Amino acid sequence: MRGAKGRALAVLLLAALLLTGCWDLEEIDRRTVVLGLAFDTARDGGWRMLATVPDPRALVPSGGTAIGPQPREPAFVVLETRGRTATENLARLRDITSRELFLGQVLVVGVSERLARQGVGSLLEFLMNDTDIPRAAWFVVGAGDPLRAMAVKPPQQTFPEFYLDDAFRARGKPAGALAVPYWRVWVTSLRPGQDVVVPVVEPGPRGQMRVARVAAFRNNHLVGILTERETWLLAVLRDARNTLWQVDLGGGRRIALRPLGVDTRIAALAPASTGAPRFRYDVTLNAALFEAHRMTGIRPEPYERAARRDLTRALEALIRRLQAMGSDPLGFGERWRIAHPRRFQAATWHRQWRDAQVEVRVRVNVTRGGAFR
């Protein structure tokens, strides 16, 4: 009897989800559904806000409740407001729309590079205080004018925000492995010993959207944008299975490794004689050989040696660049705070981080997969 009641309850819950989970044209036409918000600086010292809104005139019914784009695309419009604060911009957005403003479907919150360099602390506080904007909305930095990226009709998707949501969840995308919602950016900005990186959205070739790099923050200020290879390396350290790592051996020879797992350990050592922090950074990478271009051989030892040298150099260069920026996304400061609480000071950690000494030790284990397993 209990089993029958349980199945009946499950059916009712499923029906409720199906009935409430679909949007039809009438619902979209009755509300101003916002899918994405982007903030930029204005010339008068205030903020400029862009909002992506579906255009019901460019959508036609397909199967009763589903919607699909007509040949005339894009099926959305970008509304623009200007105000001194985020609250004032939202109020002006409500003024220029004739329908109820609905923020419960916001998937992406973006900021321009200009605004990010000035600091996003007050914006993050506003987002955390606004209960209408979902906490799970992704946080991104737009290179250049945010309108250029937000107005793009991406391939395979109707709306830019749908494309970004798919890209951040799909496997095999390095920048996606580093994507975080805005609440995580806010929480990390409050931690004294670790910083955050977020994806950079920029116009791609042929008017498409491109997400291949990440922006490094110090507290809540953007301090630099990493290269694609540096982004790949961070993705390997964060979620090894989400990317490949290629090693150039010279003479046109290259190997590609598919990471199977990575283990990273930061050991805080005794301070140097100058008082500078000292660390040992141990990285163990287990990977399968994906390709050996212009190379033959079954033994994995040469591949392991080449990968170890390459990863060691890449990690040392990445750490030096992050130190020059004053950004600590790997969390060395957190380890220093735990190991030496009396020497750690949140107000001066980023200055200490610039002078820190880091010994990098890499171990690589390569196996052959596929037909050679």
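What ranking do 39-45, 233-239, 123-129 get when scored by the average of other Cβ atoms within 10 Å per residue, highest first?
Order by mean packing, descending: 233-239, 123-129, 39-45.
Which residues does a label at residue 272 reach in the range 351-368, if reach means a backbone N under 19 Å from a point 7 Å past the Cα toward the Cβ?
It comes to 351-361, nothing else.
Quick check for you: which residues of the range 320-364 have the amide N under 20 Å from the point 7 Å beyond the Cα of residue 227 toward its beta carbon?
Output list for this probe position: 320-330, 360.
For 133, 96, which order do you get if you count the other beta carbons within 10 Å of each Cβ and list the fewest first?
96, 133
Quick one: net charge of residue 106's neighbours, Cβ under 12 Å, K/R +1, D/E -1?
Local charge sum for residue 106: -3.
Among 324-334, 348-358, what's the highest-first ranking by average C-beta atoms within 10 angstrom per residue?
In decreasing order of mean packing, 324-334, 348-358 become 324-334, 348-358.
Give me the one-decimal Kirkwood hydrodynamic radius in Å for the range 256-344, with the sum taken over alpha-carbon pairs.
It is 15.5 Å.
With each label point set 7 Å from Cα along the Cα-Cβ vector, what nm distance links residue 359 and residue 305?
Simple spin-label model gives 2.3 nm for this pair.
At 0.36 nm per residue, minus the direct Cα-Cα distance, what do residue 208 and residue 96 gain on full extension? Give it in nm, one decimal, please.
Going from the current span to full extension adds 37.5 nm.
No lab work stands behind these numbers, since they all come straight from the coordinates. Computed from a predicted model, the values in this text were never measured in an experiment. Using ideal geometry, Cβ is built from the backbone for each residue, glycine included, and neighbour counts are taken over all protein chains shown.
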